[in-house]
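J.: What follows is a structure written as structure tokens; I'll ask about it next.
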Amino acid sequence: MTTDISCRDTDPADHAELTEPPPLQRGSEYAALSREMKQSGLLKRRPGYYSVKVGGNLLLLAAGWTAFALIGQSWWQLLTAAFLAVMFTQTGFIGHDAGHHQIAASKRVNNLLGRVHADLLIGLSYGWWISKHNRHHSHPNHVDRDPDIADGAIAFTQDHARVRRGAYAWLARHQAWLFFPMLLLEGLALHVAGVRALLDRTGTATSRRTKLAEAGLLATHLGGYLAALFLVLSPVQAVCFLAVHQGLFGLYMGCSFAPNHKGMTVFAKDAKIDFLRRQVLTSRNIRGHRFTDFALGGLNYQIEHHLFPSMPRPSLRQAQELVRSFCARHGIAYHETGLFNSYAQVLRHLHAVGGPLRPELEY
């Protein structure tokens, strides 16, 4: 694990294989950084920003569906599908912010906003995502603890790749080439995973009631979505619209989350690491401007977001300088690169993970 300070275009793959932060320990490095953040005022809620953000997003989403109704049965609707894919992802970013309690001081208000944006507006299970995302935030890139690097369609560690056989082994060998095409199925995978979680009958009576409420919102979304498509469009057009819309939604969502941790330091199952380094060393920031902030939903400030998950999105840009300076003073590697270089790092990592399944290419 490196502790060299590295603030520009570093590739950890070249030299390394919604939860709140823990209680502060007086005198710890994270406690010192937290005091700086509190004194800066960057942890304060930004109700004005989110009022405009949520309102503007809802208007654009409504405009997209209005255009869909007005255009009617036409192949031009594929452009509407592309626009709505962008808006679904932007709506997902707002659900993400609500899940981290960035928007309102009230947990109930945040959860309400999260369920409306996730379950009702885009058809993703908010409860399932919160559970999964909290575990990720607690132990990013930690083997057997972070669900985002669990063995699945993509192998994220060589240990996972080595035990694969048959079609799964072939997939791991070629996963660097297949990664972006596979993201076209990510939207569908998210929908299916959420529905499967809601069908699980385990849990307390309260959790089952919450699942029932979520199921009602998801059913409303799915019923309205399919009814709109097949009532307005011809059957063939409806199927093409669904494929383009959900495919681009998954691609945009996947491309927004992919640069954050893939290819960064991975901790072994029994590794012990303090909260500050656990979050910083496993995260990658994306350099850019205001448009980058908008396009990636603030996820380009992944280090700051992981250190202070309840920090409002518009405060992350200012927080970056404080965190970067703090890491420099304490000799903690801070990784930041451009968007396209981040994708290159991700693909190199995925290619290296599949290495044990390509013995004929090893020297």
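The values are calculated or read from the model by the stated rules, or taken from the named source; none is laboratory data. Just so it is clear, the model here is predicted, and its values are computed rather than measured. Accessible surface is based on the protein model in full, side chains and every heavy atom, while ligands, DNA and RNA are left aside. Shrake-Rupley method; radii C 1.70, N 1.55, O 1.52, S 1.80 Å.
J.: Label the range 138-297 by shape, choosing from rounded, prolate and oblate, from the square roots a ≥ b ≥ c of the eigenvalues of the Cα gyration tensor; if a/c is under 1.5 it is rounded, and otherwise prolate applies when a/b is larger than b/c, oblate when it is not.
T.: On the way: a/c = 1.64, a/b = 1.42, b/c = 1.16.
Since a/c reaches 1.5 and a/b is larger than b/c, the shape of the range 138-297 is classed as prolate.
J.: Non-local amide H neighbours of Glu336 (under 5 Å, H modeled in plane, Pro and chain starts lacking H): which ones?
T.: Amide H neighbours of Glu336: Arg8, Asp9, Thr10, Asn285.
J.: My understanding is that a pair violates if its Cα-Cα distance is over 21 Å; which of Lys107/Lys211; Lys107/Lys132; Lys38/Lys269; Lys44/Lys107 do that in this structure? Let's see the in-between values first.
T.: Working: Lys107/Lys211 18 Å; Lys107/Lys132 18 Å; Lys38/Lys269 33 Å; Lys44/Lys107 15 Å.
Check vs 21 Å cut-off fails for Lys38/Lys269.
J.: Given the C-alpha centroids of the range 148-215 and the range 221-286, what is the distance between them in whole angstrom?
T.: With the range 148-215 and the range 221-286 each reduced to a Cα centre, they are spaced 11 Å.
J.: On to the next question. Rounded, prolate or oblate: which fits the chain when a ≥ b ≥ c are the square roots of the eigenvalues of the alpha-carbon gyration tensor, with rounded for a/c under 1.5 and prolate only if a/b beats b/c? Show your work: numbers first, answer last.
T.: Details: a/c = 1.66, a/b = 1.23, b/c = 1.35.
Taking the square roots of the gyration eigenvalues as a ≥ b ≥ c, the chain is oblate.
J.: What is the percent carbon and sulfur in the accessible area of the range 239-301, measuring with a 1.4 Å probe over the protein chains and ignoring ligands? Write out the running numbers ahead of the final one.
T.: Details: 1560 of 2300 Å².
The computed percentage sits at 68.
J.: Here is a follow-up. Counting each DSSP H run of 4 or more residues in the chain as -39500 (n - 2.57), what helix-only mean residue ellipticity at 222 nm follows after dividing by all residues, to the nearest 500 deg cm²/dmol? Mind dumping the intermediate values first?
T.: Values: 16 runs with 217 residues, N = 363.
Result for the chain: -19000 deg cm²/dmol, rounded to the nearest 500.
J.: Provide the per residue accessible area, probe 1.4 Å, for the chain, rounded to a whole number of square angstrom.
T.: For the chain, the per-residue accessible area is 48 Å².
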